[in-house]
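Please treat every number below as a calculation from the coordinates, not as lab data. Only a predicted model underlies this, so the values are computations on that prediction, with no experimental measurement involved. Positions of Cβ are generated from backbone atoms using ideal geometry, with glycine treated the same way; all protein chains shown enter the neighbour counts.
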Amino acid sequence: MADSVQGSGSTGVPPGADAGEASRPRKSSWKYIGPGIVVAATGVGAGDLVATLIAGSKFGYTLMWAAVIGCVVKIALAEATGRWHLSTGRTLFEGWRSLGQWTTWYFAVYVVIWGFIYGATAMSSSALPVVALFPDGPSLKFWAIVCGLAGLVFVWFNRYAVFEKVMTVLVGIMFVVVVYVAIRVGPSVGKSFAGLAPVLPDGSLLYTLGLIGGVGGTITMAAYGYWVNAKGMTNSSWMKVMRLDNRVAYLTTGIFVIAMLIVGAELLHSANLALTKGDRGLIDLGKVLEDRFGTVTSKLFLVGFFATSFSSLIGVWHGVSLMFADFVERFRRDREGAPVELGTAAEVAEGKREKSKYFRWYLLWLTFPPMALLWLDQPFGLVVVYGVLGAFFMPFLALTLLWLLNSSRTPGEWRNGILSNVLLAASGLLFVVLCVQQIIEVFNK
């Protein structure tokens, strides 16, 4: 069948199909949805949910409109990433490489330092709800190591098709739990709709920018095109399918964000309760839920907390390892003078990147060196570099996509239109502002 997609090992072109058949546009279909769910689940971590809860606890429903705009921004960014991969047949790193060697050096430094710090963060975040569920069991460090090793083994021995199915299950758990809790606290429909009117209460600017730019916005957005290719979509005939997949994913993210805003507004704002910043804020919420609704609701929430954190862990373990493998392979071929055609998105679809030794090298880097940070305080200098590089990544992504998709590197039919340019330019400006804010916070610590 011309529409067959089997994940890794398939390019989406059936045996015996000619080029005309392969390039014929596919119809949008729900049965191909997957990469968007993966990128949304990976991008929305426990820290994002806490930030949303705190915004709801401070300003009630007032910033609901910012959550909606944030979804539109993410849809535009992910669509641009997927459109580059499908329209050119090249990976995003190949696009960055065409902009100059500065992109190679930036990505190399970023992916090494970011991975080292993030590995420890993801393992700890996944362990927190497990410790809360089993308070008489082993320590947080023990469960963090178990979560890291579980992610390593799962990604090492499975290819994209299985990975996507597990991520979909975790998203289902997240979705059911978050929506259930939001319904349980009794949302105010009238106030919810009133929150769609763009209003900025005093002291809300940074929270507003964070809601628009922060939730679901990480390096994993750049991995979206790689997951699209891994699904078996490798050319522009899949454009409609990719766009449906992307919209469904970020509408789902929007529901997560709105549900957590409702919880913050109804459960915390009205009672004037404060949460700890960072992932531990969800432990605080679990205790509030237990006091208000009982043990069952609290335990169910902690299960959803684990699904949120662990989906981010295995998503990064898979997606960023794909990017790293492509980065090293492209760098190696450049040095050897190999033709560009060897580094195509089709290789990702065929599973070559997942089988690469470089993919597994980065998996090991994400898992074992960061375990040292579970015992040691993070060195200040490393935290500063990590914070600065992390702050620069989303502006880097938005502005380089704007550059690539308005140049001759992209086929004319698939270059940016007015709407895409406005959204990418606006998101780039937004991320620059957030970048400056984050750098100031890093150096003020």
Interchain or sequence-distant (5+) residues whose placed amide H lies within less than 5 Å of the amide H of R90 are A345
Binned at 10 Å from zero, the C-alpha pair distances of segment 149-284 give percents of 9, 30, 33, 20, 8, 0
Violations at 18 Å Cα threshold for listed pairs K31/K352; K31/K231; K165/K231; K31/K355; K58/K191; K74/K231 -> K31/K352; K31/K355; K74/K231
The size of the Cβ-based charge dipole (Lys, Arg +1; Asp, Glu -1) of the chain about the Cα centre, to the nearest 20 debye, is 400 debye
Quarter of the surface of the C-alpha convex hull for segment 27-444, i.e. direction-averaged projected area in nm², equals 19.6 nm²
Note, segment 391-398: 3J(HN,Hα) by Karplus (6.51, -1.76, 1.60, θ = phi - 60°), whole Hz, Gly/Pro = x, goes 5, 7, 5, 5, x, 4, 5, 4
Descending packing, highest mean Cβ count within 10 Å first, for 172-180, 112-120 is 112-120, 172-180
Longest principal axis of the chain (C-alpha) makes with the long axis of helix 280-293 (C-alpha) an angle, in degrees to the nearest 10, of 50 degrees
Measuring from the longest principal axis of the C-alpha atoms of the chain, the long axis of helix 357-367 (C-alpha) lies at a number of degrees, nearest 10, equal to 10 degrees
Summing -39500 (n - 2.57) over every DSSP H run of at least 4 residues in the chain and dividing by its residue count gives a helix-only mean residue ellipticity at 222 nm, to the nearest 500 deg cm²/dmol, of -23000 deg cm²/dmol
GNM on the chain, Cα springs under 10 Å; top mean-square fluctuation among S124, S188, S311 goes to S188
Descending packing, highest mean Cβ count within 10 Å first, for 297-304, 82-89, 286-293, 411-418 is 82-89, 297-304, 286-293, 411-418
